[in-house]
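Below: the structure, in C-alpha cells.
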Amino acid sequence: MAADLRVWVGTGENNSQRSVGFGDGVYKSIDGGNSFKKVGLGDSEHIGMIKIDPRDSDVVYVAAQGPLWAPGGDRGLFKTTDGGENWELSLDIDENTGVSEVYFDPRNPDVLYAVAYQRRRHQWVLLDGGPNSGLWKSTDAGATWRKINRGLPSGDKGKIGLTISPVNPDMVSEDAGRTFTRLGEEWKHVDNHALFIDPDDPNHLIVGCDGGLYETFDRGANYRFFENLPLTQYYKIALSNDQPFYYVYGGTQDNNTQGGPSRTTSVHGIRNDDWFVTRGGDGFDPAVDPENPNIVYSQSQYGGLVRFDRATGERVGIVPQESADGPPLRWNWDARSCSKATTAVTRGAPSAATCRATWTGTSCRSWAASGAWTRSPRTVRRLCTVPSYRWPSRRWWKA
C-alpha cells in the first residue's frame, strides 16, 4: 500500500501573552510537504492542535482558539469528513471561548476529549481565562459533548494542558474524566508545559515546566530535578565594567534575574555557586551602573524595579509611584529600564518607562517624570486604567 503523504498544518501561535503571531487558517499537503493548499478556517487566527482519525485520514479535528483581540471568528472544535473540503463546528461554546487541544481515546477514536480556553486581549490587559474554560468529552465522534469539570478548580480557569495515558486511557483522571485530583508538586517548579507518561509504568512521569525538567516514579509524590541541563530562557542581558573580568546579568523566563562572572581565576572554572540572583520573578531588562559595577538594576514583570548591591547583597524596591492627583501608572509586562552613561549629568542615573512617561532617577532614591508621551488625555486614561470588569459584564468588550 502506498504511503499516506498528507500533512496538515494549523497556523498562528497557540499562546496569548506578550508578542503573539496570528495565522490565517489550516493548510494541507498531499505530497509530503512539497506543496500546500489552504483548506479553510481562515478566521481562526490561532490553531491549538490538529488530530487525524486513525481509521480514516479524511476525518480531521481542528482545535481553534479563535481571534485573540476580538470575539467570534472560527472558534471552537471543527471537524471535516472529506479531507478539508467542508468543515462542521463540532463544539461551539461561546464567542470568546475556543478549543486549544483535542485528543482521542486510543482504544476508541469516537471518544474525544477537548480543552476549552476562554480569553480576550486588550491594549492594557490579557484576560487569560474565564468560567467557560474547562474540559469536554464526546463518545460519539463529536456529535454531542458534555462537560467533565468535577474536581477541577471552580470559578475562572486558565489554559489547561491535557494528555491521555497510553497505558490506561482512563487516567485522564482516576475515573475516565468524572472527577479530578491534583498531582503532587512539592519542591518542584510550577507552570507545566509538557508531560510524558511512561507507557510501561503510569507512575513514571517526566514533566517539563518553567523550571526545567523533573522526573517522578511515584506519580508526583517525589521528584528528581535534572540540574545539568542548560534550559534557562534568557530575555535580555547586560554587561558590567568590572576588571579584570566583567560580569554578565540576564533576565530569565520565570527564573529570576541572575548574574555571574564571565571568567574566573579558579582552577575549577565557573561554577553554579558563582552565580547569584539579583531579583526574583520573571526577569527582563537588567542594567548595571557604569561607574559602580556593584550596583545592578533589575526588574520583574510589570515594572517591579529593584536596586541590588552586589557588595552587600542589599535589595531595595525602587518602583516609581504615581502622584496623588495623577492617573495610575501602568507598566508593560516587559517594561523598559536602563542605566545611562551618556553625559556627566545623567551618568549612572537609571530610567524607566511607564505607559504615560519616561522616568529618570538619581540612584533611584527619587524619580521625576521626563519626556511625557504625546498622547491625548483620553488615550492615556484608557491605557493607564484597568477596568474592573469580569466575563459576565458586556461593558468589558466595549471598553
Next item on the list: Might you let me know whether region 34-46 holds any residue that is under 17 Å from Tyr117 (Cβ atoms) and part of a strand (DSSP E or B)?
Entry: no
Margin query: Cβ-Cβ under 7 Å, sequence separation 6+ or interchain: first residue in region 109-132 and polar (S, T, N, Q), partner buried (at least 17 other Cβ atoms within 10 Å of the Cβ) and part of a strand (DSSP E or B). Which pairs?
Written below: Gln118/Thr97; Gln118/Gly130; Asn132/Thr97; Asn132/Ala116; Asn132/Gln118
Next item on the list: Would you please list the contacts, defined by Cβ atoms under 8 Å and residues six or more apart or on different chains, that run from a residue in region 181-197 that is of a type in the set (Phe, Trp, Tyr) to a residue that is outside any loop (DSSP other than H, G, I, E, B)?
Entry: Phe196/Leu205; Phe196/Ile206; Phe196/Val207
Next item on the list: Scan Gly48, Gly72, Gly32 and give me the residue that is touching an Asp or Glu at 6+ places or on another chain (Cβ under 6 Å), small (Gly, Ala, Ser) and over 19 Å from Lys137 (Cβ atoms).
Entry: Gly72
Checklist line | Output for region 16-37, where each listed residue is over 18 Å from Arg75 (Cβ atoms) and open to solvent by 40 Å² or more (accessible area, probe 1.4 Å) | finding: Gln17, Arg18, Ser19, Tyr27, Ile30, Asp31, Gly32, Asn34, Ser35, Phe36, Lys37
Check: Is there a residue in region 137-146 that is open to solvent by 70 Å² or more (accessible area, probe 1.4 Å), among the β-branched types (Val, Ile, Thr) and either in contact with a helix residue (DSSP H, G or I) (Cβ under 9 Å, 6 or more places away or on another chain) or under 18 Å from Leu91 (Cα atoms) (or both)?
Finding: yes
Check: Just for region 212-235: of the residues that are at pLDDT 90 or above and surrounded by 15 or more Cβ atoms within 10 Å (Cβ to Cβ), which one is nearest to Asp285 (Cα to Cα)?
Finding: Gly212
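Based on this model, can you work out whether Leu162 counts as closer than 27 Å to Asn132 by Cβ, touching an Asp or Glu at 6+ places or on another chain (Cβ under 9 Å) and not in a strand (DSSP E or B)?
Taking the combined requirement at face value, the residue satisfies it.
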Check: Filtering region 263-317 down to residues that are among the aromatic types (Phe, Trp, Tyr) and open to solvent by less than 40 Å² (accessible area, probe 1.4 Å), which residue is nearest to Arg18 (Cα to Cα)?
Finding: Phe284
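The values are calculated or read from the model by the stated rules, or taken from the named source; none is laboratory data. Values in this document were obtained by computation on a predicted structure and should not be read as measured data. Glycine also receives a Cβ, built like all others from the backbone with ideal geometry; neighbour counts cover every protein chain displayed. For accessibility, only protein heavy atoms count, side chains too; no ligands or nucleic acids. Shrake-Rupley method; radii C 1.70, N 1.55, O 1.52, S 1.80 Å.
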